[in-house]
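Please read the structure below before turning to the comments.
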Amino acid sequence: MADPTAFQFDLPRDRNWPRIPITERIHETAWAAAGSCSSLRHAPPEEAIRVMVIHATAGSSTAGAVSVMEEGRASFHWIIPGKDEKAHGGHVWATCPERLAAWHVRRSCAHPDICSGATNLNRLSLGIEIVNRQDGKDPFSPWQIEATAEMVCYAAGKYPNLAHVVSHARLDPDRRTDPGANFPWAEFRSLVLD
Ligand SMILES: [Zn+2]
């Protein structure tokens, strides 16, 4: 089994990333909640964004993950619907404006290979949630992996300083394992880089 705390790759910045528009729709409930569970970045997003963090919901639905935003406890920029949801195979939900720092990584978390060990990574990152029970038995669908890779390529084309793609588990190994050992990181990495 793969070790999710090792999931990371860096983006070559000398590449012309295609500016492909992603198939996203605004999730109205999440979008409305985002203002009360996000912070201002300290620089414009084109300058600030350096990290893309990959999460899994440890639940079975978009609605379940969005309820965390409605409660004001945490937030993320996009969510990739699960296999049993209507939007699966169709589009990704945008849940928080990219210009805002969503609350998806604990403030004290850091890793020496990510932005020289900086903390407060929410200010420097974008967060993607993938709907998955994360029980080791629920497989990610090929579409979810493709959609996640597409999001990374989209962001790489839009944000010139985006350098690191990393699991939540790598940033918070004592408390988090997402996106989990059965997330096909190597396959995901080649979809982005090859
Ligand atoms: Zn997470």
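Given springs between every Cα pair under 10 Å in a Gaussian network model of the chain, which of PRO44, PRO142, PRO173 has the largest fluctuation?
PRO44
Where in the chain is the longest stretch that carries no trypsin sites (Lys or Arg not before Pro) classed as loop by DSSP and with at most 12 other Cβ atoms within 10 Å? It would help to have the intermediate numbers written out before the result.
Numbers: sites that count: ARG13, ARG15, ARG19, ARG73, LYS86, ARG107, LYS137, ARG175.
Within the chain, the longest run free of exposed trypsin sites (Lys or Arg not before Pro) spans 20-72.
Working from the alpha-carbon coordinates of region 25-193, get Rg over Rh, Rh being the Kirkwood radius.
On the Cα set of region 25-193, Rg over Rh gives 0.92.
Roll a 1.4 angstrom probe over the protein heavy atoms and tell me the percent of accessible area of region 25-193 that is carbon or sulfur. Working shown, then result.
Values: 3420 of 6980 Å².
Carbon plus sulfur share of accessible area: 49 percent.
If the cut-off is 20 Å between C-alpha atoms, which aspartates and glutamates fall inside it for LYS158, apart from same-chain ones fewer than 8 positions away?
Result set, ordered by chain and number: ASP10, ASP14, GLU24, GLU46, GLU47, GLU98, GLU129, GLU146, GLU150, ASP194.
Residues of the chain: accessible area per residue at 1.4 Å, in Å²?
Details: 8820 Å² over 194 residues.
Averaged over the residues of the chain, the accessible area is 45 Å².
The values are calculated or read from the model by the stated rules, or taken from the named source; none is laboratory data. On a predicted model such as this, the values are computed, not experimentally measured, just so you know. So basically every Cβ, Gly included, is an ideal-geometry build from the backbone, and we count neighbours across all protein chains shown. Please note that ligands, DNA and RNA were not included when accessible areas were found on the heavy atoms of the full protein model with its side chains. Shrake-Rupley method; radii C 1.70, N 1.55, O 1.52, S 1.80 Å.
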